[in-house]
1. Students often forget the sequence filter, so: which lysines lie under 27 Å Cα-Cα from A:Lys160 once same-chain residues fewer than 8 apart are removed?
2. Rounding to the nearest 20 debye, state how big the charge dipole of the protein assembly as shown is about its Cα centre with +1 on each Lys and Arg Cβ and -1 on each Asp and Glu Cβ.
3. Among A:Ala263, A:Ala310, A:Phe232, whose Cα sits farthest toward the positive end of the charge dipole of region A:214-431 (+1 at Cβ of Lys/Arg, -1 at Cβ of Asp/Glu, about the Cα centre)?
4. Mind checking the mean number of beta-carbon atoms from other chains within 10 Å of the Cβ atoms in B:138-148?
5. I'd like to know which of A:Tyr94, A:Val18, A:Val291 lies farthest towards the positive end of the charge dipole of chain A, counting +1 on Cβ of Lys and Arg and -1 on Cβ of Asp and Glu.
6. Check the straight Cα-Cα distances from A:Lys248 and name the lysines below 25 Å, setting aside those fewer than 8 residues away within the same chain.
7. Which one, A:Ala323, A:Leu118, B:Val58, projects farthest toward the positive side of the charge dipole computed for the protein assembly as shown from Cβ point charges (K/R +1, D/E -1)?
8. Fewest Cβ neighbours within 10 Å first, please rank B:Phe48, A:Phe392 accordingly.
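Just so it is clear, none of the values below were taken in a lab; they were calculated from the coordinates. Predicted model only: the values in this text are computed from it and were never measured. Please note: Cβ atoms are built from the backbone with ideal geometry, for glycine as well, and neighbour counts cover all protein chains shown.
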Amino acid sequence: MNKTPAAGAPPKRAIDIVNASLKRRYARERRFRFIGLSAVILGLSFVGLLFADIIAKGHSAFVQTYIQLPVHFEAAVLDPDGSRNPEVLARANYQQLIRDALRTEFPGVTDRRETRTLYSMISVGAPTQLRDRVLANPDLIGTTQDVWLLADDDIDMLVKGHIDRGLPENQRRVKDQAVGWVEQLEAQGRIAKRFNTIFFTNGTSREPELAGIAGALMGSFYTLILTLLFAFPIGVGAAIYLEEFAPKNRWTDLIEVNINNLAAVPSIVFGLLGLAVFISVFGVPRSTPLVAALVLTLMTLPTIIIASRAALKSVPPSIREAALGVGASPLQTQIHHVLPLAMPGMLTGTIIGMAQALGETAPLLMIGMIAFIVEIPSGFTSPSTVLPVQIFLWADSPERAFVERTSAAIMVLLAFLILMNLTAVLLRRRFERRW
Amino acid sequence: MSTTLDEMTVRTRATTSAELASGRESRETVGDVTSANPRMVCRHVDVFYGSTQAIKDVSLDIGKNEVVSMIGPSGCGKSTFLRCLNRMNDTIDGCRVTGSITLDGLDIYDKGLDPVPLRAQVGMVFQKPNPFPKSIYENVAYGPRILGLTNSKAELDDIIEGSLRKAGLWNEVKDRLDKPGTGLSGGQQQRLCIARTIAVSPEVILMDEPCSALDPIATAIIEELIDELRSNYSIAIVTHSMQQAARVSQRTAYFHLGDLIEVGETNQIFTNPKHKLTEDYITGRFG
């Protein structure tokens, strides 16, 4: 195009040059679109793979195997003096009832080892199940009832097909004999899979069939509430001051750079800081939602401050001028006009920060949230764990039944994360203003 | 108040492009900067943004019941000067104002003076209509409410009706006061902003190109309104339209690269400008 046409040759028209290059330009555009589209498809397929794998592994944890046995509530075992005293009933030997029921069901079993195998088919949580029943209705004593008893995790795995019945006996956890009993019970329709309420109502346990996420969920809930209470006011306050009131000088530049740096600090560092400062110096009880919230506040503050500043920046200056122009003070201008307009953006940033905090594991390991806690936490200072840490702990457990529970817990965590992010998107849609 | 300013001599100066570009030294103002009945008096005002000087030694009066228009090419500092009059420039970092500006004899850049009540006395209407994203009623009510001008709802209602009437908007919006102000047309929004400004009973109204975003019909309505408002307020208006300046103002000030070049009766400026630069501008040779 820089070349001048040779003398004598007809001058080339600009439109001819444009037409000649057109095909190449369109081809480049098509290539670019194709690359972009494949990147999106690749990304989505990874997400799809993740979800498919987790759901395939975890969906079976939402049902639990139960075995139906006729249990005789023997008065001599439960209530020898016939007083119906709840304290006596609570301490009675319910395990005896289950063992009796099993022996009645399978009368041929006499050998000690065989008996042990037989007893282990029913979960160690089943006696509690019976006790709760009797305490709720003492009239059961002396009667025989068909009761659905919680099966042991190995039996549960066998029934769900996670243990291959075709393998040789020494390569699987369930003995041939037990497989035979299970098949016998299945034939009688006395084995059923029911919705696993235990998973949602119990704290964790060494026994997979008794392990639930309620403790971790409550721990996460208390932690997030406190994190929100700490991080939102501090973050929004800092953002308003920095964006609207602070003079622009070297100091505020330094602060801004440091806030951005803080957002990129590995989260485990915050955990170490929490351990060194909050627990060692200030004596905050460890392994509690309180200390977890303090650490997660430090971690989410940069996210909230950066998002809030962006939200404040997007409020048009004309609104500030309008308010100042009628005699509003700078603070009134902020509170009456700028803040309401920036709030959706601030809330979006906060929710994303909270979602980050919900999924955070590493710093919490440092401050004792990794402890094995069976109790469901009852407050901000009771020992607890949180969902991602619970997932980490279960993923570490050797029992086959914990594999599906790990995946199920991940599904619950993902559900909460998606819910929170969805809220953020909806908030933005609902309150976004265009200028 | 310096007396030399009152006896400005007409100076004829060659305006070469080199001088236009350099413009380092401030030029002396041609014409009479004073008003017979001044409300705001500005003397030797310099404005700096950081190290650049945006306004150079400008002196100008804004009289009672008078519309002063400020014209000049883009970037000449007329808006900056206007924003000095209610200390709106305070909100800009690195902006520094020297010289004296008084409102009814009171120095508005005095250390002890609070700019917040000042802005209630010297109201401002901006280039782009900027109603609050609230109802029409709330837009007008906001000023009186935060300043505590009323004790009762009835009083507030009176102020709102009065302000909207003065702004010529009452008949158009009286049935939908609870509708958002941002839903009005551009011209109506600007009149709503004027109503919002006069609701706090200011003494001076500053208008920064109030019609630049409006169509000719809306502009005509606003110009009519400015003429009516003159009976109660002092008005300083910045405009890019020389016709508008000629139509609405009694006095006109011509700014050029931060200097106030010429001030005079509007008729005189447009029919018989004394300074070469003014003449070049109003005859359309540049700007």
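1. Those lysines meeting the cut-off are A:Lys57, A:Lys175, A:Lys193.
2. For this selection, approximately 2260 debye.
3. Going by the charge dipole, the pick is A:Ala310.
4. 3
5. Farthest towards the positive pole: A:Val18.
6. Filter leaves A:Lys313, B:Lys111.
7. With unit charges placed on the Cβ atoms, the residue in question is B:Val58.
8. Neighbour counts put them in this order, fewest first: B:Phe48, A:Phe392.
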